[in-house]
1. Rounded to the nearest 500, what is the chain's calculated 222 nm mean residue ellipticity when only DSSP H runs of at least 4 contribute -39500 (n - 2.57) each, over all residues?
2. Long-range amide H contacts for GLU227: which residues qualify at under 5 Å (H placed 1.01 Å from N, peptide plane, sequence gap of 5 or more or a different chain)?
3. Tell me which residues come under 5 Å, amide H to amide H, from LEU241 once H is placed; ignore anything under 5 positions away on its chain.
4. In degrees between 0 and 90, to the nearest 10, how far off the longest principal axis of the chain does helix 16-35 point, with axes built from Cα atoms?
5. Apply the Karplus curve 6.51 cos²θ - 1.76 cosθ + 1.60, θ = phi - 60°, to the phi angles in the range 77-85 and return the couplings in whole Hz, x for Gly and Pro.
6. Could you name the aspartates and glutamates whose alpha carbon sits less than 15 Å from that of LYS47, not counting residues in the same chain fewer than 8 places away?
7. Which of the trypsin sites (Lys or Arg not before Pro) across the range 183-274 are loop residues per DSSP, with 10 or fewer other Cβ within 10 Å?
8. Return the sequence-ordered ³J(HN,Hα) values of the range 233-239 in whole Hz as given by the Karplus equation 6.51 cos²θ - 1.76 cosθ + 1.60 applied to θ = phi - 60°, using x for Gly and Pro.
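The values are calculated or read from the model by the stated rules, or taken from the named source; none is laboratory data. All figures in this text were calculated on a predicted structure; none of them were measured in a lab. Neighbour counts run over all protein chains shown; Cβ positions are idealised from the backbone, glycine included. Just so you know, the surface numbers come from the protein's heavy atoms only, side chains and all, with ligands and any DNA or RNA stripped out. Shrake-Rupley method; radii C 1.70, N 1.55, O 1.52, S 1.80 Å.
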Amino acid sequence: TAAPIPLPDNSAAPHADRLAVADRLARALQAHRIGRGAVIIERDDPKVTLSGEGSATVVDIADQPVTPRSQSIVAEMMILANAGVARWAGENRVALLHRTQDVGIPREYAGVWRAPHEVARVVKALASSLLETSPRPHAGIGMPAYSPVTSPLRRYPDLINETQVLHALATGQGRWTREELDAMLPLLNARLDAAGQVQRFRPRYWKLLHFRQKGDKTWWHAVVTEENDAFVTVSLPREQLFLRGRRSTFGDKVNPGQHFRVRVGKIHPLNNEIQILDAEEE
């Protein structure tokens with residue numbers, strides 16, 4: 001028999017047995033969700049760091065350590081907890097906020113997706129999730145009901161749901177009725193949309209500033225995700241950025257999944273403006 005692989009010398013080593021159990025459970029949970037039609041997108045987000053101040057601020061983008069198994073454990077346990085709370089709430093008639101996506105997703109989209117052009121194709125077919133008080137299915141996650149509770153420090157719906165759960169455990173009923181939660185939704189959704197825009201455009205701003213600092217002579221690796229007669233959309237996988245350029249810049253034969261090098265310029269980070277100046281097939 002082969003000798004066992006020695007454990008790394010780090011703070012997690014004493015917990016290796018329990019982590020191995022958690023890893024097996026995470027794999028089983030993910031496989032079960034995929035069997036229910038879950039669509040799982042895996043992307044490696046880069047680390048954006050700033051140094052200096054004011055106009056002298058320098059933006060750097062670097063790869064983050066890739067730890068897919070530990071990330072899977074955390075993700076699957078969070079999904080399990082959120083789905084478990086939704087089920088508990090239904091059984092105990094406690095009103096909660098639910099993330100729903102009660103739509104039909106083509107069966108062939110179920111699975112784990114990593115390639116940029118495949119991710120773009122799958123994401124385009126998915127409808128946005130909704131926040132509502134009805135415990136309807138979340139097709140993309142593969143759960144019959146899903147009530148977020150695991151991130152109360154950064155997501156307000158999770159904080160509301162945790163308050164509901166704690167109040168129900170202490171008193172036998174929720175802090176708010178379903179009608180009161182419904183009345184909260186218009187303002188809550190408006191605020192969540194505003195916060196979502198900040199979350200999307202803040203990292204994009206720093207990335208565009210990074211591109212401008214690198215200059216228009218730098219070439220970047222890109223993968224075609226979509227094309228039509230007028231435009232080509234590419235993903236820069238390392239920087240996790242999507243850009244669109246004129247079809248004429250890329251030549252006649254362009255297909256999703258094709259690899260290019262691109263140069264960018266005319267960048268205005270505050271206006272979210274960037275142009276592809278040139279493209280060469282790799």
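1. Value at 222 nm, helices only, nearest 500: -13500 deg cm²/dmol.
2. The list, which skips near neighbours in sequence, is THR233.
3. Close amide H contacts, sequence-distant or interchain: LEU236.
4. 80 degrees
5. 5, 5, 4, 4, 5, 5, 5, x, 5
6. LYS47 reaches ASP60, ASP63, GLU239.
7. Of the trypsin sites (Lys or Arg not before Pro), the ones in loops of the range 183-274 whose Cβ has at most 10 other Cβ atoms within 10 Å are LYS217, LYS253.
8. Here the 3J(HN,Hα) series is 9, 10, 10, 9, x, 5, 8 Hz.
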